[in-house]
């Protein structure tokens, strides 16, 4: 189950962070997302990979914590998407697919002329869409 | 690459992995030593570390090398055992607590900055106690049974010279039951090097006895192993040691001074020599020898292919038998233990090659034996040895990891070992700059012990900070984790420290949730330590966090207030964010020469008032500002500041916003102001007592009741709902002269939190920028005032001005002017922006009853009223010269109000007045009043005029009235015509069309009147044509109410304005005034008992579309004539009137053909003036006739028929067929006409035309008027009968 998704701007400022748990653990998830930014930075700044993976936006598993797995995705505008999940065996393809849809939703949200770049995304449509994507992620991985 | 021995890890290993010397001593030895405040071991320990020795050593394979540094450790036999875990933990806890106290940040110190941290060197950032702690942690593991480097190498037996039978004592000392368990249970070889030491206390006497004993000892134990040590040679105990070598044993500075006070330098040197000899002559050679021995043993049993194979075989067989968790028990005599000892000794003597080969040899054995703990220990040592050899780094790390994992697998029992292994591993990684990896190891070290975990996490966080590039997010995260762990262990100070560091990461980012949490916890923890001041500063950070949930906000606020309450004092918080002040909403309203009757008036743009007052204020017309004129009196410095008057309030409007979702209540909001004496006055009147001394001081006087205070400030209390914004009006009233500066605003959040907000800091920049653009100062942003002496200030209001009324409402209002001061004001002037709606009346109207005073009087003194009105047509109303408002009196002045048009009307009224000899700075002031009123549509009145065809100068007037209100019922009263000399009269009595004389809501009324030109001979009246009236009473019959005089002051004035607004005035027009009354109005009326009067002015009902020439033909209508005798001649008379102002020439043409009749009918019907070229009417074709017949009305049809029937008999115009004449302006002329009729019948005498031509006189002839035209004749029917 996805417990948290986040959009983080290129100055590491949170643009959108949404948890999908019932418990009051927003703070914890914030910490996890915040912490994972270091790993993203590290991956971006040390491009050991070359060739075909150079333009890869999907960063893969950032780091596993005790209960969560954190995946990252970096758009070409240096906006980071972070996904925190409790599923322990997640197929990479599922995550990639999730991020692709999430990216599309994000692009649509920031294309709104009333959206101020660099400010938090407040669009309700975006929130709805993200929660749909998150729900469908759970379903598709279950199948 | 640096020498591994010089790295932190290398140093630590060289220091920690050293031979242990077991000390056994008698109580008397201790007693002697305790005189110095030291135990025996303590006394010797500082001298066991040799950095400057040179001992030749040979390796097992006879390679010579030299040891330059050496150290051994002294322990009492009783201490040589594994420390109690609980005790160890307690000690570590103390270490941490102490470090917490020492490292606790200063209250005043600022929060650390990330960039600041990054720029500093590593050693400055890392708390020093980490090293110490780590060392202590490692030490808790000493003397474990699976490692040999803590096994004693030698034994030092010490006996005092005072002891009885010292030789026996020596033997007793090394008694097995006193020896540590390690030696007894077989883990250690009990056959160790023994050294015998006799201690002599010089205070007990001379050393002869001791020397004698020494010889005795030498003979017993061997000459080399016995030594004598003389101590306490100082008799007085006053020896001071500059740098006490023992300082590390005692923490308190006072005690260190007395340490070793009986020890002279000689004694110290003796000890030093003794220890050096012990190490170089006994311990090192012994170890070297032992290594050699062991090596021989090992190589004989284990080295070589055969031995290895045998060993393997043997172990395989053993595998099944032993299955304990810790693997088999190895005694010192077992080959495994011997190999381990060999390795450890080699390590200690820095023969790392031998060490590593030994370790590797047994690691496989242990693995096969499943002796995991030993295996891990050996792996650990392999790793360290590789490190010291500085080769195969990968291997070293792999070994460390292997060891670490193995320890971890073994569970909590060997957690400490895992920790130690981890720490060494970390040091290894750090040495190789793999700091990030080190951090992860720190993280893995964290076990069940919260306190240790906390320290490890903190160290991990520093690793992240120091890694290149720094990983700040993880730094912050680990700090927070560490802080939480500390908190759980009640190490609050540590928790605060870590959190404070974490703040540096999160501050300034938008991760508010985290930042708030961090601040909140710091605040709480500080509070729990009783440091409320700091707690409050942290709590303030989160007070206005609007993004938090409602419950969090409540929690934050409650805790904050709770903490503040605990401090027991009042906090003044600058820039308190609760509530938020909207600085852009700041508006300052003050009154200099401009005073305002109401706040609404003050909010009107200055430009509106300026343009209104333009021709009233003298100085403006003189092109010099009053400030310029008085510039000498005002200090140059304050020229740009505003002027206000003592005793008059300055109003400041400011918006407060509650950022939270919970309601908050704000108490006693007031301004902070400074009032200082005018600097020039200070200089000039330094001696005078006028200037109160307290004025110089910064002042925040809060008590409004304090009369002596030079400032009066208003206080406001209010409460804000969640997210609410409120506009608060604050006032400050200076009471004395000086310079007043509004500094800011302050408020109380609770009883003990005072929020401050400085305006100046925000607005300064703005003001400078504006000041450059505009020379003029902006009153709203200028917060500095020169307070001048108290001046009279008029207060004015119009009591009964309605807010809402119907169009046409005519009222009598009173302007009240009030002078509160002691000085009279004079020379009053007034200007009203909309005289159409409001204008000033004559003072004589003041006490008259309202509707009655408008009624027509018999002897109307029109001239005086009118004269006054004339004056008022000017813009400014001057009050009579003799009018002045005396001290503390009021002046009432009548005003007339007329709601001329429906809509919203803004009234701006300025009253100008002058003061006498009060202030040199201000000579005059203006009072500005502003009213808004709403005028609803009431009656829609329109008039239509049509000339009467058969009468000269008579018109038919149709009046259409529609009541557009929804509920009101108007009673119609009067219709008056104004202009020229017109008489209005009813065509039919009103009763027939409107019996009630009332117009109900929505009702429409059409009414016909006859309007007649009323000629008057008197020329004097003609000179004033506008103000003549004729009235028709429309009221109920029998109503004796007087008619209203539309020609006297108020009505006439308003009528003038109406004329002005409704269009250009030109001659030949007529104006009407329609007056109704409203008995019971729903509308707000100032005087509810009186009927309201409504007047509707309709001006310029134009007559100009009619020809200026009107005429009628007069003559007999029916005659009898005997045609048999002669044709009949008929005399007619035509009267022509020229109603224009120009002389006109008229040309009358008669046609003999009757065929133009249809056209003449047409002309009659539509008043058409036909163009000249269509005049050949008699050639008209019948087809035209036919169409006309069809379309014209019934009467016309009949006429046409009759005419066409009788078309054959003719009449002819006799006399001149064309007459030309000139008619003077406004004159009439009569022309005789004659026709001759030849047969009886009915004749239409319309076949003539009038051509008129206006003489182009004076310039002002309206272009709209026609200068020429042609009119067809009217039908005039003449019946001629045959007389009998």
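What FRET efficiency, computed as 1/(1 + (r/R0)^6) with R0 = 35 Å and r the Cβ-Cβ distance, is obtained for residue B:585 and residue B:795, rounded to the nearest 0.05? Rounded to the nearest 0.05, the efficiency is 0.80. Each of A:10, B:930, B:1097, B:593 was scored by other Cβ atoms within 10 Å of its Cβ. Listed from fewest to most, they are A:10, B:593, B:930, B:1097. As a proxy for reagent exposure, ranking B:845, B:345, B:398 by other Cβ atoms within 10 Å from fewest up yields B:398, B:845, B:345.
Counting Cβ atoms of other protein chains within 10 Å of each Cβ in B:473-482 and taking the mean gives 4. Taken residue by residue and averaged, Cβ atoms of other chains lying within 10 Å of the Cβ of A:29-35 number 6.
The shape of the range A:2-138 comes out rounded: with a ≥ b ≥ c from the C-alpha gyration tensor, a/c is under 1.5. Of A:97, A:67, A:13, which has the largest mean-square fluctuation in a 10 Å C-alpha GNM of chain A? Most flexible of the set in this elastic network: A:67.
Counting every other Cβ atom within 10 Å of each residue's Cβ, B:21, B:608, B:588 order from fewest to most as B:608, B:588, B:21.
Suppose R0 equals 45 Å; then what is the FRET efficiency for residue B:66 and residue B:86 from their Cβ-Cβ distance, rounded to the nearest 0.05? That gives a FRET efficiency of 0.55.
Its alpha carbons considered, the range B:342-487 gives a radius of gyration followed by a Dmax of 16.2, 48 Å.
FYI, it's all coordinate maths here, none of it is from the lab. On a predicted model such as this, the values are computed, not experimentally measured, just so you know. Please note: Cβ atoms are built from the backbone with ideal geometry, for glycine as well, and neighbour counts cover all protein chains shown.
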